[in-house]
Amino acid sequence: MSTTRRVVLSAVVIMAGGFVVAQFFGPSPTNPPTDPSAVLFARMHVPADAAGVLQRACRDCHPNETTWPWYSRVAPVSWFVIDHVHHGRSHFNYSQWTKYSAEDVERLLKASCDLARKGEMPIPSYLRMHADAALSPADVEAVCRWTGHRPIDH
């Protein structure tokens, strides 16, 4: 066997071993317990059109009820996915709506409209795997009408 083939074979074996070992490290996909009386939908009226948008485009990252896809259990992709969900929950978690003050609620509702209007939510990396979460102009209008905010124009 040539030296080049040995180097390539060794590199492949090391990478495969690293992949297997990586499966035992890193965060786990979790869904913290939720008090049904504390969720957004129990605390305020959400019209059906806006609720549909939240369920379709926001449900995987912003409540404690994430539907974890198979690839969220395979490192190193799982680290990226789990980090995104934890990050999303830290900014806006509609399973913990009662923890927000009136000022926080106003800020979050306004940001929901603004970010949807700018095309910043859902995030592009999420949309690559979940094309059905893309927001149409009607979806953005439904969210903004529900939040009581006019979409910003750029």
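The values are calculated or read from the model by the stated rules, or taken from the named source; none is laboratory data. Predicted, not measured: the structure shown is a model, and the values here were computed from it. Please note: Cβ atoms are built from the backbone with ideal geometry, for glycine as well, and neighbour counts cover all protein chains shown.
May I ask you to say which residue of THR4, THR67 is within 13 Å of the chain's Cα centre (by Cα) and surrounded by fewer than 13 Cβ atoms within 10 Å (Cβ to Cβ)? Step through it out loud before you land on a result.
Working: THR4 fails: within 13 Å of the chain's Cα centre (by Cα).
Of the residues listed, the single one that is within 13 Å of the chain's Cα centre (by Cα) and surrounded by fewer than 13 Cβ atoms within 10 Å (Cβ to Cβ) is THR67.
Within the stretch 102-154, restricting attention to residues that are farther than 18 Å from VAL46 by Cβ, hydrophobic (A, V, I, L, M, F, W, C) and surrounded by fewer than 16 Cβ atoms within 10 Å (Cβ to Cβ), which residue is modelled with the lowest pLDDT?
Once the filter is applied, the top-ranked residue is ILE152.
For PRO32, only one of the following conditions fails: (1) surrounded by fewer than 13 Cβ atoms within 10 Å (Cβ to Cβ); (2) under 30 Å from SER136 (Cβ atoms). What is its number?
Condition not satisfied by PRO32: (2).
For the stretch 36-85, which residues satisfy the criterion of being closer than 20 Å to LEU135 by Cβ, touching a residue at least 12 places away in the same chain (Cβ under 8 Å) and of a type in the set (Ser, Thr, Tyr)?
Selection gives THR66 alone.
If you go through the stretch 54-74 one residue at a time, do you hit one that is among the aromatic types (Phe, Trp, Tyr), closer than 19 Å to ILE123 by Cα and at pLDDT below 95? Let's see the steps before the verdict.
If we filter the stretch 54-74 for residues that are among the aromatic types (Phe, Trp, Tyr), which is where we start, we get 68, 70-71.
This time we only want the ones that are closer than 19 Å to ILE123 by Cα, so: 68, 71.
So of that shortlist, the ones also at pLDDT below 95 come out as 68, 71.
Looking for residues that are among the aromatic types (Phe, Trp, Tyr), closer than 19 Å to ILE123 by Cα and at pLDDT below 95, one finds at least one in the stretch 54-74, hence yes.
Exactly one of (1) surrounded by fewer than 17 Cβ atoms within 10 Å (Cβ to Cβ); (2) closer than 30 Å to PHE24 by Cα; (3) hydroxyl-bearing (Ser, Thr, Tyr) is unmet by SER78. Its number?
Unmet condition: (1).
Checking VAL143 against (1) over 30 Å from ALA16 (Cβ atoms); (2) without any contact (Cβ under 8 Å) to a residue 40 or more places away in the chain; (3) assigned to a helix (DSSP H, G or I): exactly one of these is not met. Which one?
Only one criterion in (1) over 30 Å from ALA16 (Cβ atoms); (2) without any contact (Cβ under 8 Å) to a residue 40 or more places away in the chain; (3) assigned to a helix (DSSP H, G or I) is unmet by VAL143, namely (2).
Report yes if some residue within the stretch 37-44 is among the small types (Gly, Ala, Ser), within 15 Å of the chain's Cα centre (by Cα) and not in a loop (DSSP other than H, G, I, E, B); otherwise report no.
Residues of the stretch 37-44 that are among the small types (Gly, Ala, Ser), as a first pass: 37-38, 42.
Filter again for within 15 Å of the chain's Cα centre (by Cα), leaving none.
For the stretch 37-44, residues among the small types (Gly, Ala, Ser), within 15 Å of the chain's Cα centre (by Cα) and not in a loop (DSSP other than H, G, I, E, B): absent.
Filtering the stretch 86-101 down to residues that are within 16 Å of ALA57 (Cα to Cα) and over 11 Å from the mean Cα position of the chain (by Cα), which residue is surrounded by the most Cβ atoms within 10 Å (Cβ to Cβ)?
Top of the filtered list is TYR94.
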